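All remarks here apply to the structure that follows.
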Amino acid sequence: MAQEIETLASFVADTQLENVPAAVREHAKIVLLDTLGVILAGHQRPEVAGLRERLAPSSGSGATIYAKGWPVSDPRTAALLNGIAGRAIELCEGLRLVSGQAAMQVLPGVLAVGETAGSSGREILAALILGYELAGRLATGFTPRPLAHQNGQVSLLAAAAAGARLKGLDAAGVSLAMRVATTLVLTPSYTNAVAGATALNVAGGMSGFAASLAPELALAGFAAQEDAVEEALGQLVGGGFETDRLLDGLGSEWQITRNYFRLYACCNPIHPALDCLAAVLAELKPRPEEVARIDVATYRFASVMRNPDPPNYFASKYSLPHAAAAMVARGNAGYAALDDSALADPVIAALRHRVHIAEDPAMSALVPHLRPARVTVTLTDGRSATHSRDSHRGDYSDPFSEAELREKFRELAGVVLLPVGVAAVERAVDDIEEWPDVGDLTGLLRRYGRS
C-alpha cells in the first residue's frame, strides 16, 4: 500500500477531536445538521419506504432507521437505508472541487456504527470529519471513468475507514478495513440519473453498509492485498489514481470546509444557471405566461441535463428545463417546489419547452475551478434581461448564510418531526460534543416524531 495512503489511515485512526480547529468542528456540525435533514425527508420517498418495509422487520437490532416510527435494525441495514434515503431527494451537500457527496456517504455509517458501539458525540463528530477528510483526499488523486457516478467509490472507502475508527481499530486496522472495502466498491452510471433510475441511490447507501461491514471483516481476520486501494481506484473502477498530492496540507487544510451546500433540490451542475435565472426573474418580475424563452449557456456537464420531459420525480432532478420552469412558475426550486406535483403541473410543462440550453466551450474550459452559466430571459413583449455567474452560490467561496442552512433543515425535518422536535434536534446537534451517546439524538426523534 502506498505510504501516502498508510499515512491517511493513521490520520483517521489517531487524530483526536481536540486536534481539529474549533471553526472546522462548528462547520462540521452544520454539515451534520444539513445531512440529517435530507435523510429525514428522503425517507418519505415511496421507493425508500417500500424497501424499508421489506428489510427492516427481519434485520435485527442495534441502530436507528431515521424514518417515521424510528425502527431499529442491524447497523448495516440501518446505514444502507439511511444512505439511500439521503440520496433520494437530491439535496445533499458535496465536495466542491472534486466529485462526491462525502457527508451522505460517510454519516449514515458513522451514526449506525456509533450507535451500536456506544460512541460519544465527540467520537461521532470526529469520525465524520475524518471520514470526510479521507474522501476528499482520495478524490483528489482519483480519475473517475467518464460515465461513472462517484457515489460508492472513493467515499465508500472513506466510510469504511470512519467505521473502523469507531470500532476502535488502530492505523493498521483502518488500513485493512479500507483495503477489504475495495471488494465492495461500485460502478454506478450517471445515465441512471437522467433516465430516472432510482437504483443509482443504492450506491450511496452501500457506502454506509461498507462502514459497518468492512471493519467487521477486518476484525474477523479477513486479509486484503497490499495494493488493493491503488488497483481498485487506478485500474478497476477508475481510470487512474495518483498519490503524490494526497497529503498536501494534511492537518491544516480540512476537506469538510471546502464543500458546497444545496438549497435547490436538483443536481448541483444545474445550480449556476438557476442562480442566474433567479436574478433575471427578480429584475423582470414576469408572470409565467409572459416568458417567451429562456436561453442558457453553461459548461458541458450541465448542458447535457436538458431533457424537457423527465419521466419521473428522480429524473426531474437532472433536468435543467424542469428546474428552470418550476422556478418561473413557483418562485423557487427548493424541496417543496420540485415535488411530485411539479411534473404534472401544466404551467411548468409548457415552460419546460421554452428553455433552450447550449454548451459554451469557454465555460467548459474553466471547470472545475469555476462552473459558469449565463441566462437570458425574453418576454412576449420583447423585453429581456441577462445575468451571468462564474459559479453557483453555496460553496466556500460564496457560502449560504448559516441562517439559510438552518431554515433548510427546519423545512426538511418538519416533514417528520413536530416543530418543538425540530428545534430540539437542532439544539442537540449544536451540542453534539456533550452527547454521551447517539441516544441524545434518537431519543428526541422518538419523542417528537409526527404520527
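The values are calculated or read from the model by the stated rules, or taken from the named source; none is laboratory data. This structure is a prediction, so every number in the text was calculated from the model and none was measured. Neighbour counts run over all protein chains shown; Cβ positions are idealised from the backbone, glycine included. To get the accessible areas, we keep the full protein, side chains included, count just its heavy atoms, and leave off ligands, DNA and RNA. Shrake-Rupley method; radii C 1.70, N 1.55, O 1.52, S 1.80 Å.
Quick test for you: out of R330, R306, pick the one residue that is crowded, with 17+ Cβ neighbours inside 10 Å and without any contact (Cβ under 8 Å) to a residue 40 or more places away in the chain.
One residue alone meets the criteria, R330.
So how many residues does the range 249-279 have that are under 29 Å from E18 (Cβ atoms) and free of Cβ contacts under 8 Å to residues at least 60 places away in the same chain?
Of the residues in that region, 3 qualify.
Quickly run through the range 160-171 and pick out the residues that are free of Cβ contacts under 8 Å to residues at least 60 places away in the same chain and open to solvent by 40 Å² or more (accessible area, probe 1.4 Å).
K167, G168
When the range 252-295 is examined, which residues are found to be open to solvent by less than 40 Å² (accessible area, probe 1.4 Å) and basic (K, R)?
Passing the criteria: only R262.
Which residue pairs have Cβ atoms closer than 6 Å, lie 6 or more positions apart in sequence or on different chains, and pair a first residue in the range 76-105 that is farther than 23 Å from A333 by Cα with a second residue that is at pLDDT 95 or above and assigned to a loop (DSSP other than H, G, I, E, B)?
Listed pairs, sorted by first residue: A78/I65; L81/I65; N82/Y66.
Looking only at the range 84-119, filter to residues that are part of a loop (DSSP other than H, G, I, E, B) and modelled with pLDDT of 95 or more; which one of those is surrounded by the fewest Cβ atoms within 10 Å (Cβ to Cβ)?
Ranking the qualifying residues of the range 84-119, first place goes to G118.
List pairs: first residue in the range 399-414 and touching a residue at least 24 places away in the same chain (Cβ under 8 Å), second residue crowded, with 16+ Cβ neighbours inside 10 Å and acidic (D, E) anywhere in the structure, Cβ distance under 7 angstrom, at least six positions apart or on different chains.
Pairs that qualify, where the first residue is touching a residue at least 24 places away in the same chain (Cβ under 8 Å) and the partner is crowded, with 16+ Cβ neighbours inside 10 Å and acidic (D, E), are L405/D34; R406/E426; K408/D34; F409/D34; F409/E426.
Quick one: in the range 24-58, of everything that is touching a Leu at 6+ places or on another chain (Cβ under 9 Å) and open to solvent by 10 Å² or more (accessible area, probe 1.4 Å), which residue is modelled with the lowest pLDDT?
Residues of the range 24-58 touching a Leu at 6+ places or on another chain (Cβ under 9 Å): 25, 28-43, 48, 51-52, 55-56.
The next check asks that each one be open to solvent by 10 Å² or more (accessible area, probe 1.4 Å); those that pass are 25, 29-30, 51-52, 55-56.
On the way: R25: 98, K29: 98, I30: 98, L51: 97, R52: 96, L55: 93, A56: 82.
Residue satisfying both the conditions and the ranking: A56.
Scanning for something under 30 Å from D440 (Cβ atoms), open to solvent by 40 Å² or more (accessible area, probe 1.4 Å) and more than 22 Å from the chain's Cα centre (by Cα), does the range 373-388 turn up at least one residue?
Restricting attention to the range 373-388, the residues satisfying the condition of being under 30 Å from D440 (Cβ atoms) are none.
No.
Tell me, which residue of the range 252-267 that is of a type in the set (S, T, N, Q) and not in a helix (DSSP H, G or I) is nearest to V194 (Cα to Cα)?
N259
So, in the range 340-351, of the ones that are in contact (Cβ under 8 Å) with a residue 12 or more places away in the chain and open to solvent by 50 Å² or more (accessible area, probe 1.4 Å), which residue ends up nearest to P310 (Cα to Cα)?
Ranking the candidates gives D340 first.
For the range 120-159, how many residues meet the condition of being under 23 Å from V438 (Cα atoms), open to solvent by 10 Å² or more (accessible area, probe 1.4 Å) and assigned to a helix (DSSP H, G or I)?
Number of matching residues: 2.
Does S73 fit the bill of being small (G, A, S) and open to solvent by 30 Å² or more (accessible area, probe 1.4 Å)?
When the stated conditions are applied, S73 does not pass them.
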